Structure formats: structure tokens, C-alpha cells
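The values are calculated or read from the model by the stated rules, or taken from the named source; none is laboratory data. Computed from a predicted structure; not experimentally measured. When we count neighbours, we look across all protein chains shown, and the Cβ atoms used for this are built from the backbone with ideal geometry, even at glycine.
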Amino acid sequence: MNIQIKKWGTLILLSIIWGSSYILIKKGLTGLTAIELGSIRIIITTIIVAPFGYSKIKLIPKEKFKWVLFSACVGSFFPAYLFAFAETQISSSVTAVMVSLTPLFTLLISVLIFSAAFIRRQLLGVCIGFIGILILVYNELLISSYNLLFVSFVIIAAFCYAINANILKYKLPGIPAIALVFMSFVFLFIPAFIILILSDFPISEFIYAPDIIESIVYIFILALFGTAIAKTMYIKLLEISTPVFSVSTTYLMPIVAIFWGLLDGEEFKLIQVIGTAVILIGVYLVTKKKGA
């Protein structure tokens, strides 16, 4: 398969999957607290990937385990809880839009810490994409006084994603994706389980609570597609592209998230159409091949 087709195909598919994740988090919060949701998401993901990743652990050099643990924390653990807490106060579509800060953070980290090369057009594309984000959220932030603390949760999560993209690219290259995903969640399973127990989750009673069961179904879908499958695809995408290109999924995710928002009764105004168009221009500039 042509490498460009594979890159763009994976990027678009990831955008659809991750763009749908935020509505699943929103639905999951109807019967679960943010702490319960984050913990159950990690636990279910570990169980899902175990049969496929167990035999691959030996392919991870022991000296790389510290980087796998670091990647697990910034790429999965902290974001799982940060997004859950954020969506207790912020809509799913706005959350997805705010995550589009990730390419800006990724480019800055790549250049400042890992000495990656960049071109002015790429930086311009990131900035234009960020302007598109501001256009998308301006109207909603104007009419709703969102708690800045919860907005900061999304910004921190976006920064975590940016760090993880660079760690995977520069510190963990050449390791099979499923091995990295499984080992990451092995590290996270026990902490997540302990947090779930300490949260007073009614383990012995949840089968009698329809709202909890429904929420867990949504989180199972999220864990399967939005975490286990998507993270494996994401690592494979990093192998054939740059960190900045890979996190460009966060530019396309808002389009998917807004679509789900429409189905869930949210409004989609002209200013949001303009913001979406600006974001796509930013994506083009960031991912356009040099000299093309």
C-alpha cells in the first residue's frame, strides 16, 4: 500500500474513533463518577489487550521499561482521569476541540527537546489550526462560564499527549505496537484497580443498577475502540510518520465530536463551520510534504 495512503487512511480512521470517544465519556458519566470511569476504562483495556500482548512483552528491551512506564502515565493514565473530570463541566465537543492544542505542544517539544527539524510552513499550520480552535470554542465560552480549572484539565491532557507522541517516536521506536500497549496497561492496572476500590465503587451491587451497567457498556466500547485498538494504530502511525503528523488527528477529531454533539442535541452554528474550515487549512499546512 502506498505510504501516503496508509498514513492518511490511519489518520482519518483514528480521528473518527477518537472523535467519538468524547461522547462515550459523556454517556459513561451518567452512571459513573469521573474517578470510576477513568479506572474502569484502564482495567477493561488491560483485559482486552492481555490475550494479544502477553507473548510480545519479551520484545521490549528491559532498559526501555522506564520509558514504557513514562509513556503509559502521560499517554493513558493521566488523560483517562483528566478527560473524565473535564467532561463533568465541559461538553464533549468543546473537550475534543481543546485537545487540538496537542500538535502545537508536540511541535514545540520535538524542536526544543529532541532537536527535530521543522519548517516555517509547519509552524504556521499549527498556529492556523489553533486559531480555528479558538473560533470553534469562542461562541460557547462566551455564552457559558466554564470553570477554568476544568478547561485546564483538557490542556494538561493535551500536553501529556504531546509528550507521549515524542517519547514513542524518539525513545521507543521499533517496538511492536501491541507490546507497548499491553505493557503500558500492565503498569497501570494495579493503580487503577486500587483507585477504583478507594472510590467506594459498589462492586457487589452494580449489577442491580441499570444506569451503572449502561455506563460500563459505553466505557467498554471506549476501551475497545478508543483505547486498545486506537493506541495500537497510533503507534503504528508514528512508525511511518512524524509526531506532529500523528497528533494531527486532534485537528480532525472536533469535526467528529461536533457531529455526535448534533445527534445529542447540541447546536452547530456558522461560526463553528468557519472554525472547522480553518482547522482543515492548518492540517494541510502541517502535513503537506516539503516542496509539494
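Data table
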quantity: Residues of segment 209-234 classified as in contact (Cβ under 8 Å) with a residue 24 or more places away in the chain, over 24 Å from F245 (Cα atoms) and either touching an Asp or Glu at 6+ places or on another chain (Cβ under 8 Å) or among the β-branched types (V, I, T) (or both), total; calculated: 5
quantity: Test: residue in segment 73-84 that is over 15 Å from the mean Cα position of the chain (by Cα) and crowded, with 16+ Cβ neighbours inside 10 Å; calculated: no
quantity: Pick from segment 52-93, criterion assigned to a helix (DSSP H, G or I) and polar (S, T, N, Q), ranking: modelled with the lowest pLDDT; calculated: S93
quantity: Single residue of Y234, Y161, Y218 found to be assigned to a helix (DSSP H, G or I), touching a Gly at 6+ places or on another chain (Cβ under 6 Å), on the phi < 0 side of the Ramachandran plot and not β-branched (V, I, T); calculated: Y218
quantity: Meets criteria (on the phi < 0 side of the Ramachandran plot and in a helix (DSSP H, G or I)) for F193; calculated: yes
